[in-house]
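Trainee: Before anything else, here's the structure in question.
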Amino acid sequence: MIPNLDLDLMKTFLAIADTGSFTRAADALHTQKARLSRVVSQLEHELSVRLLERSTRSLSLTEAGREFFERAHAILASV
């Protein structure tokens, strides 16, 4: 399910998932919220799945997002 993805993209996704917020993840990563949104869109496009359910007040992982989170976490832990 995970093609040859950039490890930084995985790290960024994990930060978003861990914090539950684009704003908090952007603060933690010292970057702009818009960049994080582009990263998630890129990942969703490359994986052909929706990873996050987003609304103006909440952010949650989809089932595919949970699977990707677990696999990305394992990959980064082994690197």
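Trainee: Using a simple spin-label model with points 7 Å from Cα along the Cα→Cβ vector, what separation in nm is obtained for Arg50 and Thr62?
Mentor: With each label placed 7 Å out from Cα toward Cβ, I get 0.5 nm.
Trainee: Reported to two decimal places, what Rg/Rh ratio describes segment 24-64 when computed on Cα atoms with Rh from the Kirkwood expression?
Mentor: Ratio of gyration radius to Kirkwood radius for segment 24-64: 0.98.
Trainee: On to the next question. With every atom except the alpha carbons ignored, what do you get for Rg and Dmax of the chain, in angstroms?
Mentor: Rg, Dmax (Cα atoms, Å): 11.5, 35.
Trainee: Hey, another quick one. Probe 1.4 Å, all protein chains in place: accessible area of Glu67 in Å², nearest 10?
Mentor: Solvent-accessible area, nearest 10 Å²: 80 Å².
Trainee: Okay, next question. Provide the net charge surrounding Ser37, with neighbours chosen by a C-beta distance below 11 Å and charges set as Lys +1, Arg +1, Asp -1, Glu -1.
Mentor: Overall, the nearby charge balance is +3.
Trainee: Using only protein heavy atoms and a 1.4 Å probe, report how much of His73 is accessible, in Å² to the nearest 10.
Mentor: Number for this one is 100 Å².
Trainee: Keeping all protein chains in place, calculate the accessible area per residue for the chain (probe 1.4 angstrom), answer in Å².
Mentor: Ligands and nucleic acids excluded, the result is 63 Å² per residue.
Trainee: Next question. Nearest 20 debye, what's the magnitude of the dipole of the chain about its Cα centre given +1 on Lys and Arg Cβ and -1 on Asp and Glu Cβ?
Mentor: Dipole about the Cα centre, nearest 20: 300 debye.
Trainee: Using a 1.4 Å probe on the protein chains only, how many percent of the accessible area of the chain belongs to carbon and sulfur?
Mentor: Roughly 48 percent, rounded to a whole number.
Trainee: Compute the label zone of Leu9 within segment 28-42: residues whose backbone N is under 18 Å from the point 7 Å along Cα-to-Cβ.
Mentor: Zone members listed by number: 34-42.
Trainee: Which net charge results for the neighbourhood of Asp18, defined as the other residues with beta-carbon distances under 11 angstrom from its beta-carbon, given Lys and Arg at +1 and Asp and Glu at -1?
Mentor: That sum, taken over residues with Cβ under 11 Å, equals +2.
Trainee: Connecting C-alpha atoms closer than 10 Å in a GNM of the chain, tell me which of Thr23, Thr31, Thr62 has the biggest fluctuation.
Mentor: Of the options given, Thr31 has the highest mean-square fluctuation.
The values are calculated or read from the model by the stated rules, or taken from the named source; none is laboratory data. Being a predicted model, the structure only gives us computed values, none of them experimental. Here the Cβ is made from the backbone with ideal geometry for all residues, glycine too, and neighbour counts use every protein chain on show. What goes into the accessible areas is simple: the full protein's heavy atoms, side chains included, and nothing from ligands, DNA or RNA. Shrake-Rupley method; radii C 1.70, N 1.55, O 1.52, S 1.80 Å.
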